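Throughout, read-outs are computed from the coordinates displayed, never taken from laboratory work. This one's a predicted model, so the numbers in the text were calculated from it and none came from an experiment. Counting neighbours? That spans all protein chains shown, and the Cβs are built from the backbone with ideal geometry, glycine included.
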Amino acid sequence: MGSGFYPQLRDILVANGCTLIRQGKGSHEVWRSPINGRTFPVAVTVQSRHTANSILKNAGIVQKI
């Protein structure tokens, strides 16, 4: 499960306290960030560094991949 940037993205999310809420539709998961209290989708097929960094930004994480 997961390809491209997903493993790195998941590790950064977990290290910053984000939690997996549930499996979404298709190849997506729904995560929650304790930093800003938002929920956001994460595709397990993230192939673009820009998309991965956008997901981190949505989570309120400054770190980049």
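Taking the helices alone, the chain has a mean residue ellipticity at 222 nm of -9000 deg cm²/dmol, built from -39,500 (n - 2.57) per DSSP H run of at least 4 residues and averaged over all its residues. Work through the residues other than residue 51 whose Cβ is under 15 Å from its Cβ and net out their charges, Lys, Arg +1 and Asp, Glu -1. Combined, the nearby Lys, Arg, Asp and Glu give +3. Only Lys, Arg, Asp and Glu carry charge here, each on its Cβ (+1 for the first two, -1 for the last two); on that basis the chain has a dipole of about 140 debye about its Cα centre. Compactness of the chain was expressed as the Cα radius of gyration divided by 2.2 N^0.38 Å, which yields 0.97.
Amide H contacts of residue 31: 21, 40, 42, each under 5 Å away and 5 or more positions distant or on a separate chain (H built 1.01 Å from N in the peptide plane; Pro and chain starts excluded). Derived scalar couplings between HN and Hα for the range 30-40 equal 10, 10, 10, 9, x, 5, 10, x, 8, 9, 8 Hz in order, rounded to whole Hz, by the Karplus curve 6.51 cos²θ - 1.76 cosθ + 1.60 (θ = phi - 60°), x for Gly and Pro.
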